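Enquirer: To start, I am sharing the structure in question, which I have written as structure tokens.
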2 protein chains.
Amino acid sequence: VKPLESINFNAQHSPMGAFLSFTCGHFGTRGGIGVEIGSPAKQDLYIGIKDGDRHSRTPLKCLPFYRGASSDTSSTFLVEQAGPTEQNVRPNVTPFTADQIQRTYGWATDHWTTDELDFAIYSPFASIPDPAAASPDDLREALAPVVCAELVIDNTAGTGTKTAVFAIGFDAPGVRKLDAIEGFSWRDRIGFAAKLVEDSELIPVQRWDVSEAIADPNPVHQLGTCAGFAFEIPAGERRTLRIAIGCYLDGIVTTRLQGRYLYTRYFSSLHEVLSFAMDDDRFMEHRSVARSLDRQLLSSNLSPDQQFLLAHATRSYYGSTQLLEVGGELFWIVNEGEYCMMNTLDLSIDHAFWELDQNPWVVRNVLDRFIRHYSYVDDRGISFAHDMGAHNNLSPQGHSSYELPRLTGCFSYMTQEQLCNWILLAACYVAKTGDVDWLRQNQHVVEACAASMRARANPRTGIMAHDSARCEGGSEITTYDSLDTSLGQARANTYLAVKCWATWIGLEMLAELAGEPMDREDSLAEKIACSLIACVGADGVLPAVLEADSPGHRSRIIPAVEALIYPAYWLAAIENEPKVRERLSDALRHPLVQSLRRHTIALLGDREHRNFFDDGGMKLSSTSNNSWMSKIALCEYVIREILNLSEFNDALKRADTAHVRWQIEGSGYWACSDQFVSGVAKGSRYYPRLVTAALWLTESPKPVIETTVFSHAARPAPAK
Amino acid sequence: VKPLESINFNAQHSPMGAFLSFTCGHFGTRGGIGVEIGSPAKQDLYIGIKDGDRHSRTPLKCLPFYRGASSDTSSTFLVEQAGPTEQNVRPNVTPFTADQIQRTYGWATDHWTTDELDFAIYSPFASIPDPAAASPDDLREALAPVVCAELVIDNTAGTGTKTAVFAIGFDAPGVRKLDAIEGFSWRDRIGFAAKLVEDSELIPVQRWDVSEAIADPNPVHQLGTCAGFAFEIPAGERRTLRIAIGCYLDGIVTTRLQGRYLYTRYFSSLHEVLSFAMDDDRFMEHRSVARSLDRQLLSSNLSPDQQFLLAHATRSYYGSTQLLEVGGELFWIVNEGEYCMMNTLDLSIDHAFWELDQNPWVVRNVLDRFIRHYSYVDDRGISFAHDMGAHNNLSPQGHSSYELPRLTGCFSYMTQEQLCNWILLAACYVAKTGDVDWLRQNQHVVEACAASMRARANPRTGIMAHDSARCEGGSEITTYDSLDTSLGQARANTYLAVKCWATWIGLEMLAELAGEPMDREDSLAEKIACSLIACVGADGVLPAVLEADSPGHRSRIIPAVEALIYPAYWLAAIENEPKVRERLSDALRHPLVQSLRRHTIALLGDREHRNFFDDGGMKLSSTSNNSWMSKIALCEYVIREILNLSEFNDALKRADTAHVRWQIEGSGYWACSDQFVSGVAKGSRYYPRLVTAALWLTESPKPVIETTVFSHAARPAPAK
């Protein structure tokens, strides 16, 4: 592993489908157990050690996961206006400094080491078996809303007793010691349990002040807001504290469509969740899966920077996942990071590569939910809402939480883009799983989608030309809403035109697979391709916006190539359909693809470096300092593996080194972020979408476009 | 009504038993809808008006119930680190200034008037009928978790259209517009509905910025955190907006003993609660009950200062109440203000006067719950825990959340005091209700209490002499835990000794009422009385602590007389028991009472004014600047009505003027508070206990002690 330049950044440690993160890693700020929030929680974490027995008054030395632990944040440790005065404590704690700490950040293990303590958090993941087919036991294993950690103190070489602690200082009162297990909960929603592997005394502590709690003759006061476990380590000995950190939200948690967490089918209480995780065999299995994932990533062909980005991405992805049951039926939701929009469709399509590899049934679930609740018909035909709601409030039928009429920028409708996204998602699902039954059931929807695609296009060029009537005079936008006009406007947009081209190829493929092949002239793929080729400038570059008077006309955008991923992905996924394979191969051999390849060479090889930042990071649009990591990862993959532009490997490698710095330095508090303005996370923080980086694990060993095939390396094993 | 010196203070507007407060009134800070928290919530309230129609860009002029509305708080309106950047808005709003506003603070109406708008919040209260006997309809009326408000704009003399708004800026995302009613909710927990009395357009608004929301062509964006209703008022017209503000917490809300709100039996959702309250007839009935309560208080014999204190007290009392059902049985809880301890027994006894007048069955419920869950037996016999838990976490059986061993001050055990409190509460309950059945059912508990009282006393003096073994070497304290040593220490404490004397009289009364009269020599009342009389100093003052070497020995404490309330209260309550009445009259004629009267005269007439603050407020202990409003109210009552010391009426009147200032200026943010250090609320804020002031409504028209009788004036009518 390449040592991290800085270890000072938050990571989300999350189980699957519980919308839960145990977040820590950024120095001097709060984190801890957050449920159903798009940001780090606000708990001080005290993971530390002191010389002497529990009553000694030497300062506790802790990992720097609490307010005041770094000099730039000490001013945030203010006396609060709210709450009993006893809460305004300043515990006798000093932080380990950065140079005293090593951190190893694996795919599923986040490991902190100092001379005196060793703390690891395990967040293994695996396929979530399809609940329609899986056994309750397997689902219980997969969905337990809990992560595990270990605190190891090796005092074998020591000369005196030491005392260690794991404790959480909650930001609101309501902590209590659990009855039948060594654990604490905040109300009955979140909590943790602990156990010493060695048969020695574990001391529950609960006061306002962690240092006081350990040293005081009354370690537990029910009014205290800081709770945890202390233990002594005699000289010559070693102690291992196992910790399970979990949540349990009972009852209805969403509005309008009333959902419960699916895990409530398999667990009856927080107590049961924590007990389950603290079982010795299960704890060791949990840790062993995490370590095996760490090894898989290490042995992949990814560079250390890529490995970091992927490990960071999968963590924030799982922290955003929420598996519900609504009226007896499953409902898979990925929340949109800090915005908490639910199943934003332009994210769903980006998550699909990972999800189809891990849990294809969740993609089917999202497709079905969009049809049933969040499709709508405007003046041109069917499309899909941008999202399904926000912050656990499902939107009214057929409406997103995001879109508004009468706008031309951010918050306008994405009717064309979401129509493409649903079709592409369906195509990826069917190609990857071969679930033709699902396709036949929904062929009428697919056909309505094709008709709607056609109705939105300029019949001559095939390119999207009509804004939805839902815009009420405004203009549609694309997923790149907040980037710049070069990518924001939907009409006459090159990025979206290539996406429409890929969508038509997908529609052709779906028709073929459904056994009702499309007449070639019904597809607009060829028209779009020819129109785009005709727009290539003298410099070999496709303008971002095809309208010459648009400010976006001069923008040079890398995402023009984004949609090439789809035909390539389908071709790699489909085995026994020669006609389909032939059509996909044709598409990838089309002159449009060659034009896009030349476009990319012009942009990446540009002597003015207009598509790179000074630090080497990738600039998606030459005219914007706003760049999105998830799309960078996707485009990098297209450049390397589909366009096979190995001559830029070094440039992309340098870019990834910058991207790691963006995440660590530009998004230290916000864990994995997507939207960076000149390297600083300015939005789309705490975000799932960078999981597109998982594409990097999928290598294309063959040369150039016409023979593109996918192979699959180093991916996590499915759940046992 | 005496005009308020300052109108700048928070009030809790609360239904009964829902642990809900709609808090507003303090300038420039947040408030709004708070559920299950011991402090104001953190919502900005926008109740205002602007010139022009909804699209006009003139600033909105609002009541000053939002951050930034007063100059000293504008710095708190910071850009927040958390959340989407769109939330960091600075709406186009200016506050009405204090001189532009009139406020009338009635018993159940809080009325704000400016030249342009008129806003009133109604929080009527009444008896909660005993659920064991009452009809579901009556309980539905009594327990609806909702308060109502009205915003009236009179533009009849205006020359142009105006636009008004009621909106709440939530501190966390998750607001949504309700479907079948004009309303908004935050998740499905809290929310409000609105309706214009006139048949004209109501405009739902939801954006990040309230002023933007009103003016924008898209008034509702689901991502917005500020939501409410706007309406236009054409020149020459008048509009009345009715608002219902409520909550609905479904499912289990407490831990260990798993409780649900009783209102969930009568309502199925927040939507149903709000619809119920918005019914025209019910709204008008609600308002009419509030106005009738206002009139009752106005027509009482209380001074305007006393009226203010009582109106302030009942509001914070109801905001702390929580009526649950645990496993099919009722569970009444009063939460301890900002501390949220549940049914703190030394508060329960102070609330008893109000509760026995309003809902005697809740007192029985608390007595039963203490027996069943929170009684314990130490080395000396039975006693009761200080409280039943905190912040919705019920404590383990027989333990409070507050008490700890090995201490001599705050957080030590209150074994003796709580034993007295339970007995006194039982005696008040039986005396007031005549529920001898309950007494017979629990006579074994009462007898165990008597035995325990005896075992804790010095057999010679009758005064408490033995600290509970639960103290493990520490010392017991009294309810005045944080005042000073003069009242804090339990052993040899004059306040507690008088309370023990009253307790023995209560035990004698209970024995008599149960039909098993106590042998006179079994009671320690006489011993205690004689011992105390012997301790009176040359100056006629009883030392606070009877041990001559204690620092409390020199303290002069008004609460020495507190416990005189009990025999007087029982005597007034009991009608047909001549033997009991005779015993109580004897007690009140006892030389001890004459001594206490002289003690009081010495303290109140003291030329050094050691028991008054400079502002005239009452100082419970001459040696402490910490004084408690609830106990002041109780002692004032004893002084005026039981000791009949009318010569101090003016001094007490002056004191009450100071006490009003303490609440308004010293506790402006915290609504009604109890603990004031030199006039500033320093603890026990947002507190229910001042409801002891309701005793003031109970006049004793007869002279002096030996003929003390209670009559009841101006109290709220029972629920229909």
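Enquirer: After finding the eigenvalues of the alpha carbon gyration tensor for the range A:593-653, what semi-axes result from the square roots of 5 times each, listed largest first in whole Å? Don't jump to the answer; show the numbers that get you there.
Expert: Details: eigenvalues 59, 33, 25 Å².
That gives 17, 13, 11 Å for the three semi-axes.
Enquirer: Report the convex hull volume per residue for the range A:231-351, counting only C-alpha atoms, in Å³. Walk me through the intermediate numbers first.
Expert: Values: hull volume 22.9 nm³, N = 121.
Output value, Cα hull per residue: 189 Å³.
Enquirer: Per the Kirkwood definition applied to all pairs of different Cα atoms, how many angstroms is the hydrodynamic radius of chain A? Walk me through the numbers on the way to the answer.
Expert: Numbers: mean 1/r = 0.0378 Å⁻¹.
After inverting the mean inverse Cα-Cα distance, the result is 26.4 Å.
Enquirer: Here's a follow-up. Stokes-Einstein at 10 °C, 1.306 mPa s, Kirkwood radius from Cα pairs: D for the range A:367-514 in µm² s⁻¹?
Expert: This corresponds to a translational diffusion coefficient of 103 µm²/s.
Enquirer: Taking the alpha carbon gyration tensor of the protein assembly as shown, what are the square roots of 5 times its eigenvalues, largest first, to the nearest whole Å? Provide the component values of the computation, followed by the final result.
Expert: Working: eigenvalues 854, 267, 135 Å².
Result for the protein assembly as shown: semi-axes of 65, 37, 26 Å.
Enquirer: How would B:Glu329, B:Glu562 line up by accessible area, probe 1.4 Å, largest first?
Expert: Details: B:Glu329 80, B:Glu562 0 Å².
Descending accessible area places them as B:Glu329, B:Glu562.
Enquirer: Could I ask something else about it? I want the local charge near B:Ser268. Using Cβ-Cβ distances under 13 Å, sum +1 for each Lys or Arg and -1 for each Asp or Glu among the other residues.
Expert: Values: positive: B:Arg140, B:Arg260, B:Arg265; negative: B:Asp188, B:Asp250, B:Glu272.
Summing Lys/Arg as +1 and Asp/Glu as -1 gives 0.
Enquirer: Tell me the net charge near B:Gly259. Cut-off is 10 Å between Cβ atoms, B:Gly259 excluded, with +1 for each Lys or Arg and -1 for each Asp or Glu.
Expert: On the way: positive: B:Arg256, B:Arg260; negative: B:Glu325, B:Glu329.
Within the 10 Å Cβ shell, the charges total 0.
Enquirer: How big is the antiparallel share of DSSP beta bridges in the protein assembly as shown, given as a percent to the nearest 5? Intermediate results must be reported in sequence, preceding the final value.
Expert: Numbers: 198 of 208 bridges.
Among the beta bridges of the protein assembly as shown, antiparallel pairing accounts for roughly 95 percent.
Enquirer: Using amide H atoms built 1.01 Å from N in the peptide plane, name the residues 5+ places from B:Leu542, or on other chains, whose amide H lies under 5 Å from its own.
Expert: B:Gly537
Enquirer: Give the nm distances, rounded to one decimal, from B:Glu575 to the matching residue in every other copy, measuring between label points 7 Å along Cα toward the beta carbon; shortest first.
Expert: Copy-to-copy label distances for B:Glu575: 9.3 nm.
Enquirer: Right, here's the next one. May I ask which of A:Lys432/A:Lys579; B:Lys432/B:Lys579; A:Lys619/A:Lys682; A:Lys42/B:Lys42; A:Lys499/A:Lys653; A:Lys42/A:Lys631 have a Cα-Cα span longer than 22 Å here? Intermediate results must be reported in sequence, preceding the final value.
Expert: On the way: A:Lys432/A:Lys579 16 Å; B:Lys432/B:Lys579 16 Å; A:Lys619/A:Lys682 15 Å; A:Lys42/B:Lys42 16 Å; A:Lys499/A:Lys653 26 Å; A:Lys42/A:Lys631 30 Å.
Pairs exceeding the cut-off: A:Lys499/A:Lys653; A:Lys42/A:Lys631.
Enquirer: Excluding ligands and nucleic acids, what accessible area in Å² is computed for A:Lys50 using a 1.4 Å probe, to the nearest 10?
Expert: Per-residue accessible area (A:Lys50): approximately 10 Å².
Enquirer: Would you kindly find the accessible area of B:Glu285, with a 1.4 Å probe and non-protein molecules such as ligands, DNA and RNA excluded, rounding to the nearest 10 Å²?
Expert: For B:Glu285, solvent-accessible area is about 80 Å².
Enquirer: Then there is this: In degrees from 0 to 90, rounded to the nearest 10, what is the angle of the helix B:649-666 Cα long axis to the longest principal axis of chain B?
Expert: Once rounded, the angle reads 50 degrees.
Enquirer: What is the Cα convex hull volume of the range A:588-700 when expressed per residue in Å³? Please list the in-between numbers first.
Expert: Values: hull volume 11.3 nm³, N = 113.
It is 100 Å³ per residue.
Enquirer: How much net charge surrounds A:His111 when only the other residues with a Cβ under 12 Å from the Cβ of A:His111 are counted, with Lys and Arg +1 and Asp and Glu -1? Don't skip to the answer; put the middle values down first.
Expert: Details: positive: A:Arg103, A:Arg287, A:Arg291; negative: A:Asp110, A:Asp118, A:Glu150, A:Asp294.
Counting the neighbours of A:His111, the net charge comes to -1.
Enquirer: What are the nm distances, shortest first, from A:Gln258 to its equivalents in the other copies, labels at 7 Å along Cα→Cβ?
Expert: 1.8
Enquirer: Relative contact order for chain B using alpha-carbon pairs under 8 Å, separation at least 6, rounded to a whole percent? Before the final figure, lay out each step's value.
Expert: Numbers: 1685 pairs, mean separation 90.5, N = 720.
Computed value for chain B: 13 percent relative contact order.
Enquirer: Another question, if that's okay. If the viscosity is 1.002 mPa s and the temperature 20 °C, what translational diffusion coefficient in µm²/s does Stokes-Einstein give for the range B:170-222 when Rh comes from Kirkwood over Cα pairs?
Expert: Result for D is 179 µm²/s.
Enquirer: Note the angle between two axes, namely the Cα long axis of helix B:443-456 and the longest principal axis of the Cα atoms of chain B, as a number of degrees from 0 to 90, rounded to the nearest 10.
Expert: Taking Cα atoms only, the helix is inclined about 70 degrees.
Enquirer: Amide H of A:Ala390: which non-local residues (sequence gap of 5 or more, or other chain) have their own amide H closer than 5 Å, using H built in the peptide plane?
Expert: Under 5 Å from the amide H of A:Ala390: A:Met342, A:Ser395.
Enquirer: Kindly write out, for the range B:328-335 in residue order, the coupling ³J(HN,Hα) from the Karplus curve 6.51 cos²θ - 1.76 cosθ + 1.60 (θ = phi - 60°), rounded to whole Hz, with x marking Gly and Pro.
Expert: Listing the rounded values in order: x, 10, 6, 9, 8, 10, 10, 7 Hz.
Enquirer: Once each part is reduced to its C-alpha centroid, what is the distance from the range A:260-283 to the range B:538-566 in angstrom?
Expert: Measuring centre to centre over Cα atoms gives 57 Å.
Enquirer: Let me ask another. Going 7 Å from Cα along the Cα-Cβ axis for the label, what nanometre distances separate B:Asn649 from the same residue across the other copies?
Expert: Label-point separations across copies, in nm and ascending: 10.1.
Enquirer: Could you compute how much accessible area chains A and B hide from each other, both sides summed, with a 1.4 Å probe? Nearest 100 Å² is fine.
Expert: Buried area (both sides, nearest 100 Å²): 3900 Å².
Enquirer: Check the axis relating chain A to chain B and name the residue of A whose C-beta is nearest, distance in whole Å.
Expert: For chain A, the closest residue to the axis carrying it onto B is A:Gly251, 2.
Enquirer: Given the range B:459-577, what whole percent of its Cα pairs are spread farther than 21 Å? If you can, show how the numbers build up before the last one.
Expert: Details: 3001 of 7021 pairs.
Taking all Cα-Cα pairs of the range B:459-577, the fraction more than 21 Å apart is 43 percent.
Enquirer: Whole number please: convex hull volume per residue of the Cα set in the range B:114-166, in Å³? Provide the component values of the computation, followed by the final result.
Expert: Details: hull volume 5.5 nm³, N = 53.
Taking only Cα atoms, the range B:114-166 has a hull volume of 104 Å³ per residue.
Enquirer: Hey, another quick one. Principal axis extents for the range B:302-419, Cα atoms only, whole Å, descending order, please.
Expert: 49, 39, 24
Enquirer: With axes computed from alpha carbons, what is the tilt in degrees of helix B:578-589 against the longest principal axis of chain B, rounded to the nearest 10 within 0 to 90?
Expert: Helix B:578-589 and the main axis of chain B meet at about 90 degrees.
Enquirer: Quick one: check the C-alpha center-to-center distance for the range B:291-337 versus the range A:292-366, whole angstrom.
Expert: Value for the Cα centre distance between the two parts: 51 Å.
Enquirer: Also, quick follow-up: Give the long-range amide H neighbours of B:Gly683: residues separated by 5 or more places, or on another chain, with amide H under 5 Å away, using H modelled in the peptide plane at 1.01 Å from N.
Expert: Under 5 Å from the amide H of B:Gly683 lie the amide H atoms of B:Gln675, each far enough along the sequence or on another chain.
Enquirer: Now, a different point. Starting from the Kirkwood radius over alpha-carbon pairs of the range B:323-383, derive D by Stokes-Einstein at 37 °C in a medium of 0.692 mPa s and give it in µm² s⁻¹.
Expert: Numbers: Rh = 12.5 Å.
Here the translational diffusion coefficient equals 262 µm²/s.
Enquirer: Let me ask another. Using a 1.4 Å probe on the protein chains only, how many percent of the accessible area of chain A belongs to carbon and sulfur? Could the numbers behind the result be given before it?
Expert: Values: 11150 of 22990 Å².
C and S atoms contribute 49 percent here.
Enquirer: Have a look at the range B:197-242 and report residues whose accessible surface goes down by 50 Å² or more when the remaining protein chains are included, against the chain on its own, probe 1.4 Å, ligands and DNA/RNA excluded.
Expert: When all protein chains are present, B:Asn218, B:His221, B:Gln222, B:Leu223 each give up 50 Å² or more of accessible surface.
The values are calculated or read from the model by the stated rules, or taken from the named source; none is laboratory data. Since the model is a prediction, treat every value here as computed from it, not as a measurement. Glycine gets a Cβ as well: all are built from the backbone with ideal geometry, and neighbour counts include every protein chain shown. To get the accessible areas, we keep the full protein, side chains included, count just its heavy atoms, and leave off ligands, DNA and RNA. Shrake-Rupley method; radii C 1.70, N 1.55, O 1.52, S 1.80 Å.
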